[in-house]
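The structure appears right after this line, and notes come after that.
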Amino acid sequence: PELQFPERLNCAAELLDRHVQEGRGDRLCVQADGVRWTYAELQEKANRIAHVLTRDMGLVPGNRVLLCGPNNPMLVASWFGVVKAGGIAVAAMPLLRAKELSTIVDIARVSHALCDDALRAEVLGAQQKSQVLKSVRFFNARAEDAGTLEALMAQASPHFDAVDTAATDTCLLGFTSGTTGVPKATMHFHRDVMAVCACWPQSVLRAHADDVFIGSPPLAFTFGLGGQVLFPMSIGASMALLEKAGPNQLVDGMERFGATVVFTAPTSYRVMAQQGERIRRTRLRKCVSAGEALTASTRALWKDATGIEIIDGIGSTEMLHIFISHREDEARPGATGKAVPGYRARVVDDDGNELPPGTVGKLAVQGPTGCRYLNDARQRNYVQHGWNLTGDAYLMDADGYFVYQARIDDMIISAGYNIAAPEVEEALMQHPAVAECAVIGVADAERGQIVKAFVVLRAGHAAGDAMARELQDFVKSTVAPYKYPRAVAFVDQLPRTPTGKLQRFRLHGQ
Ligand code: 3UK
């Protein structure tokens, strides 16, 4: 990939203005319910927003701007307005409450905010608690009001030259999704945004300018921002935005907008697979999965239902986007893939020594992007000897494919055996009575830890000792018997992050 960047670089100018300058201003850029914007139209909105920020709200380059709201066109226009103005976009998950927002505002020292009116009460609550958040405007307000972002935009010039930022100026702060502990902010430069557009999309995704991108993750999650906004715009393609993107809404969206590329998580593919016939009648041709491991069974289920091979990729907020993945025509069921061109990956022991193929260890990656926590001592856990340690246990097979095992915290050691929680979950999921499950290690006097499963049953199946025994025998018959769950608990639902990741740590003590 081409990774030489000029010293001065503004990624908003590259992703947006360049298309207009080069005569592609009339091409479709953003679709949503009742909205169809070309590149020129998005540029005009972003320019007006940049003026409102700098003229009415007192923004200077380097200020941090909170962006929050469901995935919609004004959120995207705001992102480009902030970045063109040389500000730093700090996106927050749409469902956060005032208390969580104020944590973000404090950690990131947010001075300005552009937010969807749907979050008005929570944002104003966070502003009240804050010493630094001085200026807030709302968009998508139902009522006509002189103070709305749109009202100010109407008074602003449609022309704005992107601020001449350095390639190594920060343009976005991404917050980690918090599977454990206090959220961390990760800093990404203008150059990093262009680097992720040049790597995985070019070598693995290989979409083209007529593709229509759609997806479920919030744009506050870098998986969503990349897949639904940055990647389509880097090639002059278009995006279709959904405010609510559960599996059914996502299938509806594919039909309505003629989507050809979808970004979502494994659980969503499992549910959507039930509508395979309907999906076969859409224009969908490329399917990307990330956020959690894609099991061989989910890959097969989706392929049978739709005829499409999923592109799996592991990425992280720290690395900005995907760094191990594989093209759909070279996919290996059960493996995530190989290092994305531009990145290097290896499996290491506790001292950072590379381990031989077939051995489980810590995943270490290196590339044009990498972890820079803002003011957080946990930086030294993530980056060691120049390698980013993602917190995942992986092995590399003899052919160089990386095979996910578990989060390192989810490796269970029982009577001397290493057991990966997701492998036991995958075995349980094959049982027809199991809708969802989560596996953890719990302390045990004799074995150190034992495997405990939390199971959500499908309708029509009864919890109880008989079911527990049936599930235990079932696991013993499909994976090595020492991995079976010695304890089984039946629950109504499992704890998840707003991005849909299992929070196994919250099951401890239950
Ligand atoms: C896990 C996966 C197995 C893994 C993300 C794509 O998920 C993203 O970022 P987060 O910071 O979490 C990172 C962690 O999630 N994970 C992600 N993808 C996979 N595990 N297979 C996968 N395909 O534990 C990783 O360390 O929330 C994903 C692009 C951008 C992202 N931010």
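Among the candidates Asp410, Asp444, single out the residue that is in contact with a helix residue (DSSP H, G or I) (Cβ under 6 Å, 6 or more places away or on another chain) and acidic (Asp, Glu).
Working: Asp444 fails: in contact with a helix residue (DSSP H, G or I) (Cβ under 6 Å, 6 or more places away or on another chain).
Going through Asp410, Asp444 in turn, just one is in contact with a helix residue (DSSP H, G or I) (Cβ under 6 Å, 6 or more places away or on another chain) and acidic (Asp, Glu): Asp410.
Filter the strands (runs of 3 or more DSSP E) completely within segment 418-510 down to those with at least 3 residues that are closer than 23 Å to Ser268 by Cα, out of contact with any strand residue (DSSP E or B) (no Cβ under 6 Å at 6 or more places or on another chain) and of a type in the set (S, T, N, Q).
Ranges flagged: none.
Which numbered condition trips up Asp409, out of (1) part of a helix (DSSP H, G or I); (2) surrounded by 22 or more Cβ atoms within 10 Å (Cβ to Cβ)?
The number of the failed condition is (2).
Does segment 322-334 hold any residues that are open to solvent by 10 Å² or more (accessible area, probe 1.4 Å) and farther than 13 Å from Ala300 by Cα, and which are they? Write out each step before concluding.
Step one: of segment 322-334, the residues open to solvent by 10 Å² or more (accessible area, probe 1.4 Å) are 326-334.
Within segment 322-334, His326, Arg327, Asp329, Glu330 meet the criteria.
Residue by residue, here is whether (1) under 20 Å from Gly334 (Cβ atoms); (2) more than 16 Å from the chain's Cα centre (by Cα); (3) not hydroxyl-bearing (Ser, Thr, Tyr) holds:
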residue: Asn248; (1), (2), (3): no, yes, yes
residue: Glu255; (1), (2), (3): no, yes, yes
residue: Ala265; (1), (2), (3): yes, no, yes
residue: Ser268; (1), (2), (3): yes, no, no
residue: Met272; (1), (2), (3): no, yes, yes
residue: Gln275; (1), (2), (3): no, yes, yes
residue: Arg280; (1), (2), (3): no, yes, yes
residue: Arg285; (1), (2), (3): no, yes, yes
residue: Gly291; (1), (2), (3): yes, no, yes
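Given Ala415, Ala427, Ala468, which one is free of Cβ contacts under 8 Å to residues at least 24 places away in the same chain and over 19 Å from Gln503 (Cβ atoms)? Give the steps one after another, and end with the answer.
On the way: Ala415 fails: free of Cβ contacts under 8 Å to residues at least 24 places away in the same chain; Ala427 fails: free of Cβ contacts under 8 Å to residues at least 24 places away in the same chain.
Only one candidate qualifies: Ala468.
Any residue at all in segment 349-371 that's assigned to a helix (DSSP H, G or I) and within 15 Å of the ligand (Cβ to nearest atom)?
no
If you go through segment 285-336, how many residues are more than 8 Å from the ligand (Cβ to nearest atom) and at positive phi?
Residues that pass the stated criteria total 2.
Since Cys29 meets every condition but one in (1) in the same structural domain as Ala113 (by TED's automatic domain parsing); (2) buried (at least 21 other Cβ atoms within 10 Å of the Cβ), which condition does it not meet?
(1)
Can you tell me which of (1) among the hydroxyl-bearing types (Ser, Thr, Tyr); (2) open to solvent by 40 Å² or more (accessible area, probe 1.4 Å); (3) touching a residue at least 12 places away in the same chain (Cβ under 8 Å) is the one Thr497 doesn't meet?
(2)
The values are calculated or read from the model by the stated rules, or taken from the named source; none is laboratory data. Here the structure is a predicted model, which means the values were calculated and not measured. Cβ sites come from the backbone with ideal geometry, for glycine too, and all protein chains shown count toward neighbours. Note: areas computed on protein heavy atoms with side chains; ligands, DNA, RNA excluded. Shrake-Rupley method; radii C 1.70, N 1.55, O 1.52, S 1.80 Å.
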